[in-house]
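Structure record follows, encoded as structure tokens.
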């Protein structure tokens, strides 16, 4: 009859259990800190990439503001000239001037802003990694200025479009768009032929004056907002560069 001998199991004392616990605890803790450090550097690098893209967007917007500042300045002069022709009752004696100016005068103009870089940062939650509260506030304020300008133009251009139905009753629009497909309308400006006007009543004349005055109002309002945006843009660009140098 065989006798089974049980292997001898060495019992650990409290000190050994404590050392094992301490080693496991330290390993988990160090792993936790290592992961936090890794995430910190990853978030910092991602934030820097977001800011680089945002800085490029600011520079593009700055060029856009400069371009549309000139367009709106020209818009004020042109629309004011057309308005005064009708105001003074000179539409038939200066019909050649109307032919030269009217297409640009009635063209609807609004700035094609892109804020995709900032929107991406907001959607990705990247703004929380920017510790500079003044920078975050300035970015939000600048976006708000852009939205205010866009909303204003949406409202006023909608109002101007609402007057078009009345304008086509008073002015000859038959040649406003060239039918010559051999040249680009954008490269070679089209000068339309406008038939002489019938005698305008005081009400009709006032409607024409108000129509072109609306373009002047829009252009002047946009010029004011463009100047404000340009200042904010420059200040914000400086803050972004300073943040990225840290």
For residue 231, which of the numbered conditions (1) within 28 Å of residue 65 (Cα to Cα); (2) touching a residue at least 60 places away in the same chain (Cβ under 8 Å); (3) outside any loop (DSSP other than H, G, I, E, B) fails to hold?
-> (2)
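Mind checking whether some residue in region 117-133 is part of a loop (DSSP other than H, G, I, E, B), closer than 30 Å to residue 54 by Cα and free of Cβ contacts under 8 Å to residues at least 40 places away in the same chain? Before you say what the answer is, go through the steps one by one.
Looking only at region 117-133, we keep the residues that are part of a loop (DSSP other than H, G, I, E, B), and these are 125, 130-132.
With closer than 30 Å to residue 54 by Cα added as a condition, the list becomes 125, 130-132.
From what is left, the residues that are free of Cβ contacts under 8 Å to residues at least 40 places away in the same chain are 125, 131.
Yes, region 117-133 contains a residue that is part of a loop (DSSP other than H, G, I, E, B), closer than 30 Å to residue 54 by Cα and free of Cβ contacts under 8 Å to residues at least 40 places away in the same chain.
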Read through the list (1) buried (at least 17 other Cβ atoms within 10 Å of the Cβ); (2) over 27 Å from the mean Cα position of the chain (by Cα); (3) modelled with pLDDT under 95, then give the number of the only condition that residue 240 fails.
-> (2)
Could you please find all residues in region 174-224 being within 25 Å of residue 155 (Cα to Cα), without any contact (Cβ under 8 Å) to a residue 12 or more places away in the chain and over 33 Å from the mean Cα position of the chain (by Cα)?
-> 203, 206
So which residues in region 45-58 are loosely packed, with under 12 Cβ neighbours inside 10 Å and either modelled with pLDDT of 90 or more or within 16 Å of residue 110 (Cβ to Cβ) (or both)?
-> 56
Out of (1) at pLDDT below 90; (2) surrounded by 15 or more Cβ atoms within 10 Å (Cβ to Cβ); (3) under 23 Å from residue 56 (Cβ atoms), what's the single condition that is false for residue 178?
-> (3)
crowded, with 16+ Cβ neighbours inside 10 Å, under 22 Å from residue 111 (Cβ atoms) and modelled with pLDDT under 95, is that true of residue 216?
-> no
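Is it true that residue 81 is surrounded by fewer than 19 Cβ atoms within 10 Å (Cβ to Cβ) and within 20 Å of residue 141 (Cα to Cα)?
Against the criterion (surrounded by fewer than 19 Cβ atoms within 10 Å (Cβ to Cβ) and within 20 Å of residue 141 (Cα to Cα)), residue 81 does not qualify.
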Within region 160-171, restricting attention to residues that are in contact (Cβ under 8 Å) with a residue 40 or more places away in the chain and touching a helix residue (DSSP H, G or I) at 6+ places or on another chain (Cβ under 7 Å), which residue is surrounded by the most Cβ atoms within 10 Å (Cβ to Cβ)?
-> 160
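The values are calculated or read from the model by the stated rules, or taken from the named source; none is laboratory data. Because the structure is a prediction, the values reported are computed rather than measured. Virtual Cβ from ideal backbone geometry, glycine too; neighbours counted across all protein chains shown.
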